[in-house]
Amino acid sequence: MGSFKFLLLDIKNDIPIGKVNLRSFLISYFYDNGFRVLLNHRLGKYFSKSRYFLLRQFANYYKTKLITKRNCDISNNAVIGKNLSLPHPIGIVIGNGVVIKDNVMIFQQVTLGSHGKKNGEMKYPVIESGVKIYSGAKVIGGVRIGQNATIGANTLVNIDIPENAVAVGIPCKIVYPRK
């Protein structure tokens, strides 16, 4: 089980309001659905690493809350960095081995998962810092999304996306920003 101090630091980094205190925590908790999704995930992940049966049951409780009440399925094995922004956290699915770095924004109905092939190793995406993934996008397989890249709405990403690029379409095509 990881350190409780690191759990509190992660939760503190998830609060979108500038100054962190009890008031900003309560405002975020009651009025920001994205914060509540991240809070449930972080608590569930923390408890799932426990060696105590009862605490692992709390992890299952938080996982069930994410799915039934928040309509999100975020694996406890996913690695999520600080300042993840979920403006509309409905229908988001984040798979087992997904790595999401800092300052990423994910909109509704986004799926980050493996390729689902039965033969071979399950590979999951790595999302670098500063990435924006718009609604309905699917990022599948062991792909890497470069820093500050943008994934357009309803895009199917099954190839690596370089830094500062924009990916659109099904299957995705890489478009670089115009200068």
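The values are calculated or read from the model by the stated rules, or taken from the named source; none is laboratory data. Please read all numbers here as calculations on a predicted model, not as lab measurements. All Cβ positions, glycine included, derive from the backbone under ideal geometry; neighbour counts span all protein chains shown.
Can you work out which of the residues in the stretch 1-48 that are among the basic types (Lys, Arg) and exposed (fewer than 14 other Cβ atoms within 10 Å of the Cβ) is nearest to the chain's Cα centre (by Cα)? Only one residue fits best here, namely 12. Can you find a residue that is touching a residue at least 12 places away in the same chain (Cβ under 8 Å), under 25 Å from residue 71 (Cα atoms) and outside any loop (DSSP other than H, G, I, E, B) anywhere in the stretch 123-131? Looking for residues that are touching a residue at least 12 places away in the same chain (Cβ under 8 Å), under 25 Å from residue 71 (Cα atoms) and outside any loop (DSSP other than H, G, I, E, B), one finds at least one in the stretch 123-131, hence yes. Report whether or not residue 71 is assigned to a loop (DSSP other than H, G, I, E, B), modelled with pLDDT of 85 or more and within 20 Å of residue 126 (Cα to Cα). Answer is no for this residue.
There is no residue in the stretch 110-121 that is in contact with a Leu (Cβ under 7 Å, 6 or more places away or on another chain), on the phi < 0 side of the Ramachandran plot and touching a residue at least 24 places away in the same chain (Cβ under 8 Å). Within the stretch 1-46, the set of residues being out of contact with any Gly (no Cβ under 9 Å at 6 or more places or on another chain), assigned to a loop (DSSP other than H, G, I, E, B), closer than 21 Å to residue 78 by Cβ and of a type outside the set (A, V, I, L, M, F, W, C) comprises 2, 3, 32. For the stretch 85-92, the criterion of a residue being in a loop (DSSP other than H, G, I, E, B), touching a residue at least 12 places away in the same chain (Cβ under 8 Å), β-branched (Val, Ile, Thr) and surrounded by fewer than 19 Cβ atoms within 10 Å (Cβ to Cβ) is satisfied by at least one position.
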